[in-house]
Amino acid sequence: MEVLHGRCAGLDISKRDVKVCVRSQLPRRKQPDREVTTWSSMTEDVLGLRDYLLGAQVSCVVMEATSDYWKTFYYLLEDAPFEVMLVNAHDAKNLPGRKTDVSDAAWLAELGAHGLLRASFVPPPPIRELRALTRTRTQIVRERNREIQRLEKVLEDAGIKLSVVVSDITGVSARRMLSALSSGERDPDALAQLSVRQMRAKIPQLRRALTGRFTDHHAFLVDLHLDFIDQHTRVIDSLSTQIEQVVTPFRHARELICTIPGISMTTAEVIVAETGADMSRFPTAGHLASWAGVCPGHHQSAGRATNVGTRPGNRYLKGALGTAALSIAQHNGTFLHAKYVRLAKSRGKSKALVAIEHTLIDIIWSLLTTDSIYDDLGADYYTHRQPERARNRAVATLQQLGYTVTIEPRDVA
C-alpha cells in the first residue's frame, strides 16, 4: 500500500499523558521504524512534544477525539508546520486483540501514514468561543427546564393542579400565585384573583386547580425551586449578552438563517456556532446533512440495501434543527409546513420531522453558499405543482363522504 507520509506520528491521549509513536519509512527498507515515547499532558511538556516532533521531521500527526483531552494537544500543535489530524475514534478503531495505549498510538501512525483517515472538522478560534457559549447556554436552559419539572412535581404532591390550567407555571400569573402560596395564602379565591391579563378569563378553573393540601413543607420546596429557576434565568441572560458580542463577525450569516420560518435568533446562533458559517468546508448540502446526522445511513450487502436509521451527528446541531422542525410542524402557512403535513400522512410524524430537519440543513447550506435570503415557495406549492392530483384527491374525499361530485371549470374574467 502506498505510503503518503514517510514520517507520521500517532498520539494516544489520556487525561494524564500521551503515548507518541513516530513511524518512519526509510528508503530501501520494507519494515518501518517505530519510536514510542510518553509525554505529560501539562502545557510545558506538550510544547516539548512539539519540538520533538519538529526534530523528528514528521509531516503528519494523528490523534483521536478523546473526550476533551485532545484540545490541549491540538490547540498547541495546530500552528506547527506539519499537518495535525483529529479523527473520529470510530474511524480509527483498532483491530481486535491485545489493546494498549502503545498499540493504539502505533495503529494511528500506521493509518495516518497510508492516508486512511479523514480529519474531523475543528472550527477556528472565533467559532470555538461562540460554540462554547451557545453550548453552555443550551445546557443551562435544559437545567432550568428540569427545575421547572421538579417544581411541578412538588405542586402535584400538594394537589395543586396549576399546570392543567396554565401552559407555563413560571409565567407572570403563575409566579404571583406561587409566591402567595409560599407566603401563607391558602384561599383559592384570593389566589385566583392574582391572575393578570388573559389569564383572568380562567379564574373559575384556577379556583379549582388551586384547591389542594399545600403545607409549609411544600412552600419551602417551591421557594427553593423558584430560586434555582431565577438563578438559571440570570445566567442565561448573561450568556445571551456575551453571545451577542461574540457573534458580531457572523451576524450576517445569522440574519440569513433567521429568514427561514421556524428558526429563531437563538436557534440560528447555535447553527452558526456548530457549522462555522463557512460552507466551503462542505462540498455539497448532502455532505453537511450527513455530518449533522439528519440523513439515513447506507448499508448494502449481497446486493441488498438495508434500511437503517439516521447517522450519529452533532447533537447540539440536531437539537437546534429539531426545535425548528417542531415549530414548523405547529405553524401552518409555509411551504415547509405543507411538506411536513404531506410526509406525516404517508411516513408518520417522526420521519416527517427528520425530513424537515434535512430540508432545513439543505436550505441553510444554500443560503450561506449563495449569500441570499430564504424565498418561501408558499403553502400551496404542491397544489400548483400537481393540480390534477390535488383535484382528484379532493374529489375522492368528497365521494367517500357520500357526495356526488360534478366538476365544472370556472370562468376566468
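The values are calculated or read from the model by the stated rules, or taken from the named source; none is laboratory data. Here the structure is a predicted model, which means the values were calculated and not measured. Here the Cβ positions follow ideal geometry from the backbone for every residue, glycine too, while neighbour counts run over all protein chains shown.
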Tally, over region 327-336, of residues that are touching a residue at least 60 places away in the same chain (Cβ under 8 Å) and either not in a loop (DSSP other than H, G, I, E, B) or not assigned by TED's automatic domain parsing to the domain that holds residue 279 (or both): 3
When you check residue 20 against the structure, is it within 30 Å of residue 312 (Cβ to Cβ) and buried (at least 19 other Cβ atoms within 10 Å of the Cβ), yes or no? yes
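Among the candidates 176, 150, 234, 207, which residue alone is part of a helix (DSSP H, G or I), within 29 Å of residue 133 (Cα to Cα) and free of Cβ contacts under 8 Å to residues at least 40 places away in the same chain?
Details: 176 fails: within 29 Å of residue 133 (Cα to Cα); 150 fails: free of Cβ contacts under 8 Å to residues at least 40 places away in the same chain; 207 fails: within 29 Å of residue 133 (Cα to Cα).
Among 176, 150, 234, 207, only 234 is part of a helix (DSSP H, G or I), within 29 Å of residue 133 (Cα to Cα) and free of Cβ contacts under 8 Å to residues at least 40 places away in the same chain.
Taking the criterion of being under 19 Å from residue 118 (Cα atoms), touching a Phe, Trp or Tyr at 6+ places or on another chain (Cβ under 7 Å) and either modelled with pLDDT under 95 or in a strand (DSSP E or B) (or both), would at least one residue in region 300-313 satisfy it? Write out each step before concluding.
Step one: list which residues in region 300-313 are under 19 Å from residue 118 (Cα atoms), which gives 311-313.
Going one step further and asking which of them are touching a Phe, Trp or Tyr at 6+ places or on another chain (Cβ under 7 Å), we end up with 313.
Checking the rest, the ones that are also either modelled with pLDDT under 95 or in a strand (DSSP E or B) (or both) come to 313.
Checking region 300-313: at least one residue is under 19 Å from residue 118 (Cα atoms), touching a Phe, Trp or Tyr at 6+ places or on another chain (Cβ under 7 Å) and either modelled with pLDDT under 95 or in a strand (DSSP E or B) (or both).
Considering only region 342-413, give the helices (runs of 4 or more DSSP H) lying wholly within it that have at least 3 residues that are within 24 Å of the chain's Cα centre (by Cα). If you could, list the steps in order and put the result at the bottom.
On the way: elements: 349-370, 381-385, 387-400.
Counting at least 3 such residues, we get 349-370.
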What single numbered condition from (1) aliphatic (A, V, I, L, M); (2) more than 20 Å from residue 233 (Cα to Cα); (3) surrounded by fewer than 17 Cβ atoms within 10 Å (Cβ to Cβ) fails to hold for residue 172? (2)
Looking at 118, 146, which is the one that is in the same structural domain as residue 198 (by TED's automatic domain parsing) and not aliphatic (A, V, I, L, M)? 146
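Name every residue in region 5-25 that is farther than 21 Å from residue 74 by Cβ and assigned to a loop (DSSP other than H, G, I, E, B), in order of residue number. So that I can check it myself, show each step before the final result.
Of the residues in region 5-25, the ones farther than 21 Å from residue 74 by Cβ are 6, 24-25.
Across region 5-25, the qualifying residues are 6, 25.
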Kindly indicate the residue of region 153-173 that is in contact (Cβ under 8 Å) with a residue 60 or more places away in the chain and touching a Leu at 6+ places or on another chain (Cβ under 7 Å) and also nearest to residue 228 (Cα to Cα) among those meeting that condition. 154
Looking at region 26-42, is at least one residue assigned by TED's automatic domain parsing to the domain that holds residue 107 and assigned to a helix (DSSP H, G or I)? no
Going through 162, 210, 224 one at a time, which residue ends up being touching a Pro at 6+ places or on another chain (Cβ under 6 Å) and closer than 28 Å to residue 142 by Cα? 210
Check region 141-164 and report whether any residue there is surrounded by fewer than 15 Cβ atoms within 10 Å (Cβ to Cβ) and within 21 Å of residue 59 (Cβ to Cβ). no
Need the failing condition index for residue 127 against (1) of a type outside the set (Gly, Ala, Ser); (2) crowded, with 16+ Cβ neighbours inside 10 Å; (3) over 28 Å from residue 269 (Cβ atoms), just the number. (3)
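Of these, 150, 135, 131, 144, which one is touching a Pro at 6+ places or on another chain (Cβ under 8 Å) and of a type outside the set (Phe, Trp, Tyr)?
On the way: 150 fails: touching a Pro at 6+ places or on another chain (Cβ under 8 Å); 135 fails: touching a Pro at 6+ places or on another chain (Cβ under 8 Å); 144 fails: touching a Pro at 6+ places or on another chain (Cβ under 8 Å).
Every option except 131 fails the conditions.
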Can you list residue pairs whose Cβ atoms sit under 9 Å apart, with the first residue in region 70-83 being buried (at least 18 other Cβ atoms within 10 Å of the Cβ) and the second being of a type in the set (Val, Ile, Thr) and assigned to a helix (DSSP H, G or I)? Count only pairs 6 or more apart in sequence or on different chains. 73/46; 77/46
If I go through region 237-270 residue by residue, how many of them are surrounded by 15 or more Cβ atoms within 10 Å (Cβ to Cβ) and not in a helix (DSSP H, G or I)? 6
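For region 16-37, enumerate the residues that are closer than 15 Å to residue 104 by Cβ and touching a residue at least 40 places away in the same chain (Cβ under 8 Å).
Of the residues in region 16-37, the ones closer than 15 Å to residue 104 by Cβ are 17-23, 34, 36-37.
Result: 18, 19, 20, 21, 22, 23, 34, 36.
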